[in-house]
1. Taking residue 85 as meeting all but one of (1) in contact with a Leu (Cβ under 6 Å, 6 or more places away or on another chain); (2) closer than 24 Å to residue 222 by Cα, write down the number of the exception.
2. What are the pairs, 6+ residues apart or on separate chains, where a residue within the range 256-268 that is without any contact (Cβ under 8 Å) to a residue 60 or more places away in the chain has its Cβ under 6 Å from a residue that is buried (at least 22 other Cβ atoms within 10 Å of the Cβ)?
3. Anything in the range 66-104 that is more than 24 Å from residue 179 (Cβ to Cβ) and either in contact with a strand residue (DSSP E or B) (Cβ under 6 Å, 6 or more places away or on another chain) or among the hydrophobic types (A, V, I, L, M, F, W, C) (or both)? List them, or say none.
4. Of everything in the range 249-286, what is open to solvent by 10 Å² or more (accessible area, probe 1.4 Å), over 30 Å from residue 139 (Cβ atoms) and among the β-branched types (Val, Ile, Thr)? Give them in sequence order.
5. Only one residue in 353, 347, 280, 333 is closer than 30 Å to residue 194 by Cα, in contact with a Leu (Cβ under 6 Å, 6 or more places away or on another chain) and not aliphatic (A, V, I, L, M). Which one?
6. Any idea which of 295, 290, 349 is charged (D, E, K, R), open to solvent by 30 Å² or more (accessible area, probe 1.4 Å) and not in a helix (DSSP H, G or I)?
7. For the structure I just gave you, tell me whether residue 189 is buried (at least 23 other Cβ atoms within 10 Å of the Cβ), at pLDDT 90 or above and out of contact with any Lys or Arg (no Cβ under 6 Å at 6 or more places or on another chain).
8. Quick check on the range 39-49. Is at least one of its residues assigned to a helix (DSSP H, G or I), open to solvent by less than 40 Å² (accessible area, probe 1.4 Å), more than 30 Å from residue 375 (Cβ to Cβ) and not aliphatic (A, V, I, L, M)?
Amino acid sequence: MTIQSTQARRGIFHGWFVVAAAFAVMFVGFGSAYTFSAFLEPLQRDFGASRGSISLVFSIAGFLYFALGLISGPLADRFGSRPLAVAGMILVAVGLAAASAARSLVEVYLAYGLGVGIGVGCAYVPAIGAVQRWFVRRRGFASGLAVSGIGLGTLTMPPLASLLIASVGWRGAYLALGAITLMLGGGLALLIENDPKDRGLGPDGDSPHEASAVTNAGGASVREAVRSTRFVGLYMSCLVCSFGAFVPFVHLVPYARDHGIAASFAVLLLGMVGAGSTAGRFFLGALADRTGRDRSLIMVLIGMAFAMVIWAVAANVWALAAFAFVYGVFYGGWVAVLPAVVMDYFGGRNVSGIIGVLYTSVAFGTLVGPSAAGFAYDWSHSYALPIMLSAAANIIAALIAIAVLARSGKRTVTVTSAAS
């Protein structure tokens with residue numbers, strides 16, 4: 001075992017291959033999901049539906065891919081992350097292909113909402129949970145690098161979807177996205193491994209003797225974690241934040257179109273969110289390793305609220321581009337820092353299960369927020385109210401984090417050994 005770990009350290013640490021695989025899963029899974037804004041107008045036109053009804057397609061998918069972490073996380077802790085990630089990519093591909101053949105809005109709900117929602121739900125938490133176990137010193141950076149796949153997917157996939165819609169229609173576009181997901185996401189998901197111990201390694205490529213015996217092997221049980229003050233604080237903060245966090249991913253392109261911006265430029269705004277998100281995951285994830293991940297969590301929540309204020313007054317393409325990039329930076333930081341905070345507080349033994357429970361809060365917010373914003377628009381013909389409520393939600397989320405996490409100080413959850 002010692003020889004194996006020494007040889008591994010001479011080459012590329014396998015943890016980075018796990019990061020690359022998680023990156024690919026995020027890229028095609030969330031990239032395909034976040035193309036939805038480009039499909040909103042064609043779906044609304046072809047099915048004669050309201051903006052709120054079409055937005056509900058994304059809300060169903062978003063609810064499922066966050067809520068199912070409650071199941072996929074513990075399954076990954078027990079059986080490994082790879083089979084769940086591969087199955088998730090296959091389900092996303094099937095869902096997109098089925099959506100391309102939908103003949104009614106109900107069929108879109110079933111195909112896209114269930115296929116993409118369940119597929120991403122199977123893959124996301126297991127993939128990001130596996131990354132946490134492979135790193136300690138560079139956990140924030142590694143986590144940020146993995147989830148930067150979401151940012152680059154958001155940067156790349158919506159413009160690609162727009163080009164596909166223009167050339168082969170929305171049905172052909174969904175079919176093409178399904179093929180990309182199956183080949184790229186499904187193929188690279190095979191590189192995911194659950195634990196460095198299986199390769200005779202410790203976190204960060206150290207030998208098992210150099211690594212702390214408690215760092216990743218020990219940790220709180222799911223029951224211990226969810227009963228702690230810190231978990232309750234994280235849960236409530238995420239719940240409130242997520243009511244507005246995903247509104248731009250559905251409504252930014254229609255908002256821009258309502259303000260006279262051409263469709264080709266409007267969809268690029270979603271790409272700007274992706275560009276900012278990628279930068280935020282890289283730089284804020286690494287910064288959090290130095291300044292403290294709980295403090296960074298509070299900072300990004302405040303930053304998301306600030307960005308929403310920019311959106312509320314933006315009326316031209318440049319102002320909207322500034323909003324999109326700034327929002328993306330802080331949103332990306334939120335997604336990168338959150339799993340690392342969970343690992344810091346509760347240890348690695350059940351990290352996927354704990355993250356899965358935590359993300360049910362995001363699921364409920366995602367189910368309500370984007371669709372509610374769409375119905376608010378149908379009622380008022382304006383996005384002013386949902387945008388300002390989204391900003392307020394992020395401020396409240398930051399205050400919750402300050403009150404609960406900061407007050408917890410250095411106290412930690414009582415953890416038990418993996419051997420116990």
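The values are calculated or read from the model by the stated rules, or taken from the named source; none is laboratory data. Please read these numbers as outputs of a predicted model, since none were measured by experiment. Here the Cβ positions follow ideal geometry from the backbone for every residue, glycine too, while neighbour counts run over all protein chains shown. In case anyone asks, the SASA skips ligands and DNA or RNA and just uses the protein heavy atoms, side chains included. Shrake-Rupley method; radii C 1.70, N 1.55, O 1.52, S 1.80 Å.
1. (1)
2. 266/253; 266/256
3. The answer is 66, 67, 70, 71, 75, 76, 79.
4. Restricting attention to the range 249-286, the residues satisfying the condition of being open to solvent by 10 Å² or more (accessible area, probe 1.4 Å) are 253, 255, 257-265, 268, 272, 275, 278-279, 282-284, 286.
Pick out the ones that are also over 30 Å from residue 139 (Cβ atoms) and you get 253, 255, 257-265, 268.
Matches in the range 249-286: 253, 261.
5. Working: 353 fails: in contact with a Leu (Cβ under 6 Å, 6 or more places away or on another chain); 347 fails: in contact with a Leu (Cβ under 6 Å, 6 or more places away or on another chain); 280 fails: in contact with a Leu (Cβ under 6 Å, 6 or more places away or on another chain).
Unique residue meeting the criteria: 333.
6. Values: 295 fails: not in a helix (DSSP H, G or I); 290 fails: not in a helix (DSSP H, G or I).
Testing whether each residue is charged (D, E, K, R), open to solvent by 30 Å² or more (accessible area, probe 1.4 Å) and not in a helix (DSSP H, G or I) leaves just 349.
7. Values: buried (at least 23 other Cβ atoms within 10 Å of the Cβ): yes; at pLDDT 90 or above: yes; out of contact with any Lys or Arg (no Cβ under 6 Å at 6 or more places or on another chain): yes.
When the stated conditions are applied, residue 189 passes them.
8. The first filter runs over the range 39-49 and keeps only residues assigned to a helix (DSSP H, G or I), leaving 39-47.
Those still in the list that are open to solvent by less than 40 Å² (accessible area, probe 1.4 Å) too: 39-40, 42-43.
Subset that is more than 30 Å from residue 375 (Cβ to Cβ): none.
No, every residue in the range 39-49 fails to be assigned to a helix (DSSP H, G or I), open to solvent by less than 40 Å² (accessible area, probe 1.4 Å), more than 30 Å from residue 375 (Cβ to Cβ) and not aliphatic (A, V, I, L, M).
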